[in-house]
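The values are calculated or read from the model by the stated rules, or taken from the named source; none is laboratory data. Just so it is clear, the structure is predicted and the values come from calculations on it, not from any experiment. Cβ coordinates were reconstructed from backbone atoms using ideal geometry, including for glycine residues, and neighbour counts include every protein chain displayed. We work out accessible area using only protein heavy atoms, side chains counted, and drop any ligands, DNA or RNA first. Shrake-Rupley method; radii C 1.70, N 1.55, O 1.52, S 1.80 Å.
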Amino acid sequence: MITMETLDHSLREILQECYPHVEQLNPAQKAVLESGYLEENKNFIVAIPTASGKTLLGMMAALKTLMDGGKVVYAVPLISIQNEKIKEFKAFEEHGIKVGRHPNSSDLSVMVFESFDAITRFSWNTLREVDLLIVDEFHMIGEYSRGPTIECAITRSNIINPGMRIIALSATLKNMEEICGWLNAQVVEHDYRPVPLHKEVLNTEMFNTKNKNDVIVKILEKSIEDNAQALAFVSTRLFTESLAKYVSGKIKRKVPREKKKAFMEVSQKILEVPKRKGTRPTSICLKLAESVENGVAFHHAGLFNEQKEIIEDEFRLGNLLMITATPSLMYGVNLPSRSVVIRDYTRWTSQGPQNIPVFDYEQMSGRAGRPQYDDVGYSYLIAKTLDEAYNLQEFYVNGEVESTNSKLIENKDAVYRQIIAQVASTLAKNPVEITDFFNKTFYGYQMQNNPYMSAFAADSLEFEINNAISFLMQNGILQATPEGLKATALGLLIAKSNYTVETAVKLKEYATQMEELDNNQLIYRMCRTPDMPLISFKGRKSKDPVREKLSARGIFAVDMRNEEATTASLMEWINERNEYEIENAFHVYAATTRRAAYEASLLVKFFKNMCEVMGIYNHSRDLEMLSARLYYGVKDELIPLVLGVKRLGRKRARALVKTFGEDLRPFTEKELQKVNGIGPKLSQSIVRYARGE
């Protein structure tokens, strides 16, 4: 039998130092190791429940490869998971293993799916150096947006570096045989969970109430008695806020006195975030801080990133009782708690409200029960009536997860991008070779091995590919030559970016139409592309301020949606308005303004490059300026100063100019230090900049 003691001495030594809490292997880990996982060089799918030690298993294989002089890529779907894993794996650097985000500069690289896909397209020498690819959250291969990316990256890896070993860490999937057939992998499944999980459907009638939130209050009160924590999943941002406020108000008098001080400290940390950024706390910040005073936080994309990190860290430290969150948290950072409450089991889609899949229910439930802290976990799904509870019990608790199917052909942009990638990287020169690539994907495997679809698979795929090629040629992205299909300069630019083809086509159309560059019009066009992270409206307050702002700048839109809200917010941002002012002006989640502005600044650079490959050079300088204004959030006149003095920032730059004027040459370091926030080092940099040194 394999135990920690029977592992290779060097491997065991590193594991025990980097994971001191792991004293023995659990049954799931033993089953994986006993399958020949470390000895054999074949592909593996490790399918065991959440919190059963998948990462440790991944690191065992990684360390074995690294100790043999190899390179490892650990691929994850989200940046939040990438950051978490890099932090975790940094412990390996004590043992001479360089940890980073790219194989060119590290032995063990943690990469998001899109970054790994980029290597498979254009960095073949780098790809050929990778000996082991570990794909975390592999079950996301069936997800619409990121699934096709990792699916095609794996397919291309198998063509370019067939000797590379693949280990997929996954939740248990229904059609595992089909997936392992495509991956040519051995599957090890196990149902061991270190913390037993009890799933239950509660209903409001049990508690003599009509309000689901009252049931959540009861669950939290029980958690407080047990000195435990809870996570509550709801469907929208607004619901996370309203639920946190409701629960916080109800448990106010039941919060343990010894916890109150810790909650107040967390609340203060929340309020410090906007202050450090040079803005007053927004109403969302104040709402969050108020709820946190009673140990309840909400968590969604409309908060400052630093606030989300504070909530996550303090929850792990036990300094919060409950987090109310949108379902996106189930795929994010590791935040287990004793109890998980799923209040909303529907989600709004383009077809209206739809029930969440059983798989998502399982993922959310899997957050219940903290290894090292809890001896049991509880998942509660909330219904209104007894009949509804019975139906939910049958569908979710007793039901089976859905089959995992490739979304490659459903996602038109993924098809376009993969065709461009194949042609631009010279892996394919004609429709036959492109079709051959698609046949090797998970989609191709599923179609060819489906008894009902195999007869139509070839015709169906040929139709989709020919349509896509026609579209790409019509838009000047691919061209036919005597040697076969080739990517145009525009096509190469798209292939080397992570932007969607839809974004590129929309911006190309604008570039060909514009006579003069209008910053406001360009920002609006960018906000209407799928690659811009949007700033959302808060609730149903009047949208007239956004309409007025846009019409004053010559932009007339019928509907006021998040695209319009983002445009108005960015217009204010480059005119030096802060988040507090933007939120009050437009009733939006202004904490996300910096992220939107950063992405917009990169998109402007992409647009500039696009214009230049199309032979349009007369706007290059103005586009450089707009990109910088979006990045720093300043007016034109401050650009030289914020570019010339690192870490000065827009608030201090404006204060300098207000105090001393634009010519800073006559002033000494001591005089410059009179401006709030400018110390000896910064004043030294400013003097050097002013003197042109």
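Scanning the range 229-250 for residues that are assigned to a helix (DSSP H, G or I) and under 22 Å from residue 313 (Cβ atoms) returns 237, 240, 241, 243, 244, 247, 248. Residue under question is residue 309, and the condition is that it be out of contact with any Phe, Trp or Tyr (no Cβ under 7 Å at 6 or more places or on another chain), under 28 Å from residue 633 (Cβ atoms) and open to solvent by 30 Å² or more (accessible area, probe 1.4 Å); does it hold? It is true that residue 309 is out of contact with any Phe, Trp or Tyr (no Cβ under 7 Å at 6 or more places or on another chain), under 28 Å from residue 633 (Cβ atoms) and open to solvent by 30 Å² or more (accessible area, probe 1.4 Å). Residue 473 meets each of the listed conditions (1) at pLDDT 95 or above; (2) farther than 24 Å from residue 116 by Cα; (3) touching a helix residue (DSSP H, G or I) at 6+ places or on another chain (Cβ under 9 Å) apart from (3).
For the range 135-145, the condition of being touching a residue at least 60 places away in the same chain (Cβ under 8 Å) and part of a strand (DSSP E or B) holds for at least one residue.
Is it fair to say residue 288 is crowded, with 24+ Cβ neighbours inside 10 Å and either part of a helix (DSSP H, G or I) or of a type in the set (Asp, Glu) (or both)? Taking the combined requirement at face value, the residue satisfies it.
Put simply, of 343, 338, 347 the only residue that is open to solvent by 10 Å² or more (accessible area, probe 1.4 Å), at pLDDT below 90 and in contact with a strand residue (DSSP E or B) (Cβ under 9 Å, 6 or more places away or on another chain) is 347. For the range 274-287, state whether one or more residues are of a type outside the set (Gly, Ala, Ser) and under 20 Å from residue 216 (Cα atoms). So far as the range 274-287 goes, yes, one or more of its residues are of a type outside the set (Gly, Ala, Ser) and under 20 Å from residue 216 (Cα atoms).
May I ask you to say which residue of 5, 40, 23, 114 is more than 30 Å from residue 499 (Cα to Cα) and in a helix (DSSP H, G or I)? Only one candidate qualifies: 5. Would you tally the residues in the range 617-659 being open to solvent by 40 Å² or more (accessible area, probe 1.4 Å) and part of a loop (DSSP other than H, G, I, E, B)? Adding up the residues that qualify gives 5.
This table checks each residue for (1) assigned to a loop (DSSP other than H, G, I, E, B); (2) within 30 Å of residue 460 (Cα to Cα); (3) touching a helix residue (DSSP H, G or I) at 6+ places or on another chain (Cβ under 6 Å).
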{"residue": "389", "(1), (2), (3)": "no, no, no"}
{"residue": "392", "(1), (2), (3)": "no, no, no"}
{"residue": "401", "(1), (2), (3)": "yes, yes, yes"}
{"residue": "410", "(1), (2), (3)": "yes, yes, no"}
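Taken over the range 548-574, the criterion of being among the acidic types (Asp, Glu) and under 26 Å from the mean Cα position of the chain (by Cα) is satisfied by 563, 564.
So that you can scan it fast, the table gives a plain yes or no per residue for (1) open to solvent by less than 40 Å² (accessible area, probe 1.4 Å); (2) among the acidic types (Asp, Glu); (3) within 23 Å of the chain's Cα centre (by Cα):
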{"site": "87", "(1), (2), (3)": "no, no, yes"}
{"site": "91", "(1), (2), (3)": "yes, no, no"}
{"site": "101", "(1), (2), (3)": "no, no, yes"}
{"site": "109", "(1), (2), (3)": "yes, no, yes"}
{"site": "118", "(1), (2), (3)": "yes, no, yes"}
{"site": "126", "(1), (2), (3)": "yes, no, no"}
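Which residues, taken from the range 67-84, are outside any loop (DSSP other than H, G, I, E, B) and open to solvent by 20 Å² or more (accessible area, probe 1.4 Å)?
The answer is 67, 79, 80, 83, 84.
If you go through the range 567-585, how many residues are open to solvent by 10 Å² or more (accessible area, probe 1.4 Å) and part of a helix (DSSP H, G or I)? Summing the residues that are open to solvent by 10 Å² or more (accessible area, probe 1.4 Å) and part of a helix (DSSP H, G or I) in the range 567-585 gives 5. For the range 522-559, a residue qualifies if it is open to solvent by 20 Å² or more (accessible area, probe 1.4 Å), assigned to a loop (DSSP other than H, G, I, E, B) and of a type in the set (A, V, I, L, M, F, W, C), and the qualifying residues are 534, 556, 557, 558.
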